[in-house]
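The values are calculated or read from the model by the stated rules, or taken from the named source; none is laboratory data. Fair warning: this is a prediction, and the values are worked out from it, not measured in the lab. Glycine gets a Cβ as well: all are built from the backbone with ideal geometry, and neighbour counts include every protein chain shown. These area figures cover heavy atoms from the full protein model, side chains too; ligands, DNA and RNA do not enter into them. Shrake-Rupley method; radii C 1.70, N 1.55, O 1.52, S 1.80 Å.
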Amino acid sequence: MTELFEGQGCWLGVDLGGTKILAAVVDADGNIVSQAKQRTMADMGPDSVIERIVDTARKAIEPHETCAEVLVAAGVGAPAPVDVAIGTVYGAPNLAGWGEIDLGPRLEEALGIPTFVDNDVNLGTLGEFERGAGQGTRHMVGVFVGTGVGGGVIVDGRLFRGFRDSAGEVGHMIVLPNGPLCGCGRRGCLEALASRTAMERDIRAGIDAGRGANVAQLIASSKRQRLTSGVIKKAVDAGDELTLEVIDRAQFYLGILVANIVNFFDPQMVVFGGGVVEALGDRFLEPIRQTARANFKQERDADQIRIVPAILGDYAAVHGAAILASQQLAQSAAS
Ligand SMILES: [Zn+2]
């Protein structure tokens, strides 16, 4: 474990998502002492979203007077590629109109404290590593299954970012050459086979072919008329065959992914987060474990490699963001 939150003071963690902004004040012991949440309203454009981040941050800071006085630094998770050293984000696919934006410097000016930015999935992984399921490990990989599939890598207790801060894109590992088209424009990426979006595509195709009456009804009666994680859970509980078949395929490719990760990288733990995992829990993970283990190269101590659900839910990234702030501040003080 890295030395976190040395001394006193509080840290601000912000998770900027496509639909909501979550801000939390974290004390020196790593506890969330106050928080605020607002809708992102991404269609209003970047300037408006940045104003809403600042506003959400202030709403999180204000109720806690002691912390407001000793707020040291802020960390922000953005749904985009980020150059961490300068706080620049490069086009966020879920945020309309976001090209290259100096998010870190702009927030730093508005908030009046040092502000650091990283990719949100990296920070979710860092949060789970320091405060969640990964505590006590040294080498860990996070895999988050949602509308896409994101990932993050911890090597020797530190987030591994790679040469261009682009490491950990497990969702775009090609697991089926010439497979289904991915949102990234290539074919056969894991995300095109195992994300909730891929599951919905396959389930709708099955419904169009006259199958899955049960899941069709659940989608139609859901609030957003989409295959949400809640709908998946209900369809699985009801034993809907089409849904089980589609989930089974996603689990198979996720198992192949985990085997590839383990064979390449030998982590102690792979942590799975995201809505689908939260909804189905261990039921979702057990087939992934089985496929993964059947494809491990190294048999020795293979049972000690743990494939587990994340435990921080929506709070993984704000914890990670507060930790980022602490680590980056310590690093800049040392250099
Ligand atoms: Zn892709």
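Counting only residues that are away from the ligand (no atom under 11 Å from the Cβ), over 19 Å from GLY151 (Cα atoms) and of a type in the set (A, V, I, L, M, F, W, C), the range 180-203 holds 1 of them. Summed over the range 227-255, the residues that are out of contact with any Gly (no Cβ under 9 Å at 6 or more places or on another chain), buried (at least 20 other Cβ atoms within 10 Å of the Cβ) and of a type in the set (Gly, Ala, Ser) give a count of 2. Here ARG138 meets the list (1) surrounded by fewer than 19 Cβ atoms within 10 Å (Cβ to Cβ); (2) touching a Ser or Thr at 6+ places or on another chain (Cβ under 8 Å) almost entirely, failing just condition (2).
If you check LEU176 against the conditions, is it touching a strand residue (DSSP E or B) at 6+ places or on another chain (Cβ under 7 Å), of a type outside the set (Ser, Thr, Tyr) and either surrounded by 21 or more Cβ atoms within 10 Å (Cβ to Cβ) or assigned to a loop (DSSP other than H, G, I, E, B) (or both)? Criteria not met by LEU176. Candidates in the range 218-252 are the residues that are assigned to a loop (DSSP other than H, G, I, E, B) and small (Gly, Ala, Ser); of these, the one that is nearest to the chain's Cα centre (by Cα) is SER222. Of GLY142, GLY168, GLY157, GLY206, which residue is touching a residue at least 24 places away in the same chain (Cβ under 8 Å) and within 16 Å of the ligand (Cβ to nearest atom)? From the options GLY142, GLY168, GLY157, GLY206, the qualifying one is GLY168. How about the range 276-335: which of its residues are closer than 15 Å to VAL258 by Cα, open to solvent by 20 Å² or more (accessible area, probe 1.4 Å) and touching a Leu at 6+ places or on another chain (Cβ under 7 Å)? Listed by number, the list holds a single entry, PRO309.
Of all residues being among the acidic types (Asp, Glu) and more than 21 Å from VAL26 (Cα to Cα) in the range 57-108, which is most open to solvent (accessible area, probe 1.4 Å)? Just the residue, please.
Here the residue is GLU100.
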